[in-house]
Amino acid sequence: MATSGTVGGTTINTDVLIGHAIRRCGIPTGNITAEMSEIAMNNLYFYLTNLGNHGVNLWTIDRNLIGLTAFKRSLDLPSGTIDVLNATIRSLTRLSGGTGATSAGGTASYAFDSDLNTSCAQTSADGNISYDNGSAVTVTTIGIMTNGTMTLAPVFEYSSDGITWTTLYTPTAGTFTDSVWAWYDLPAPKNAQMYRVRETGGGTLALREFYLGHTPTELPMSRLNIDDWSALPNKSTTGKPLQFWVDRQLNYPVMNVWPVPDTTFQF
């Protein structure tokens, strides 16, 4: 039997949901007032907020890559986070020995030197920063750190000859915060000799680092409760973070890691 191939094509927004709920209460559409709609909207919000305190909602589970900052213990979790189910600390092998290039000014090598105090600051919009490894290698993860807070619409591409470039991954366009990593696991890694990041939204690239990584190594982190955290004799010890405590504050949870990271090139 032939099928349409479409699964879950129906979408219901909040107004439609509330409208159906009120009509099921026996109230005709014409009798629904703005006050009724507002009260229903508020109660829906209360209900959904309360669900977060009754265990894990499977449809809300998400995976985030959060870059570490050397000597910074507390990590602000993404907006909307309720809790952390588990966490791992990851290290990568960075491509090295190749050659960087820039299409719009700036010093390309600064984007690959592991020095956060230098940056490849381009002088015109919609440029690209590329890296030629010299031989084909599979990159699994890409990280970028901007010099200054800026709005970008980047795309990652790969090539075997530096002439024909193919899209590898397109991150969500938005605001990139100065000196904060944005990490991306590639859903379909390719084996290529050359990689680049290209701006497509009219912004001007200024990257402290353009990180091309492979061979990831992950270690599970142990969760501490507040008593365990309080009992740590030296919360400023530095090293590879292997434990964490989630402080569920009013606005958003804060993840405290221990030992305190001693390098910025982990996540």
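The values are calculated or read from the model by the stated rules, or taken from the named source; none is laboratory data. No experiment lies behind these values; they were computed from the predicted model shown. Please note: Cβ atoms are built from the backbone with ideal geometry, for glycine as well, and neighbour counts cover all protein chains shown. Ligands, DNA and RNA are stripped out before the accessible areas are found, and what is left, the full protein with its side chains, is counted by its heavy atoms. Shrake-Rupley method; radii C 1.70, N 1.55, O 1.52, S 1.80 Å.
Of all residues in the range 21-43, those satisfying the criterion of being out of contact with any helix residue (DSSP H, G or I) (no Cβ under 7 Å at 6 or more places or on another chain), part of a helix (DSSP H, G or I) and surrounded by fewer than 10 Cβ atoms within 10 Å (Cβ to Cβ) are R24, G30, A34, E35. If the condition is being in a strand (DSSP E or B), β-branched (V, I, T) and within 26 Å of L116 (Cβ to Cβ), then the range 225-267 contributes T238, V254, V257, V260. Just one residue in the set T141, T118 is under 20 Å from T264 (Cβ atoms), of a type in the set (V, I, T), in contact with a helix residue (DSSP H, G or I) (Cβ under 6 Å, 6 or more places away or on another chain) and touching a residue at least 24 places away in the same chain (Cβ under 8 Å); that residue is T118. When S230 is tested against (1) surrounded by 17 or more Cβ atoms within 10 Å (Cβ to Cβ); (2) among the polar types (S, T, N, Q); (3) more than 19 Å from the chain's Cα centre (by Cα), exactly one condition is not met: (1). Of all residues in the range 78-88, at least one satisfies being open to solvent by 70 Å² or more (accessible area, probe 1.4 Å), without any contact (Cβ under 8 Å) to a residue 60 or more places away in the chain and aliphatic (A, V, I, L, M). For the range 250-264, taking the residues that are open to solvent by 50 Å² or more (accessible area, probe 1.4 Å) and closer than 23 Å to S179 by Cβ, the one that is modelled with the highest pLDDT is identified as W258.
Can you pull out the strands (runs of 3 or more DSSP E) entirely within the range 100-153 that have at least 2 residues that are buried (at least 21 other Cβ atoms within 10 Å of the Cβ)?
So the answer is 128-138, 141-146.
Among the residues of the range 220-264, which ones are among the charged types (D, E, K, R) and closer than 18 Å to P78 by Cβ? Result: D247, R248. Residues that are touching a residue at least 12 places away in the same chain (Cβ under 8 Å) and touching a helix residue (DSSP H, G or I) at 6+ places or on another chain (Cβ under 9 Å) were ranked within the range 44-61; the one that is most open to solvent (accessible area, probe 1.4 Å) is T60.
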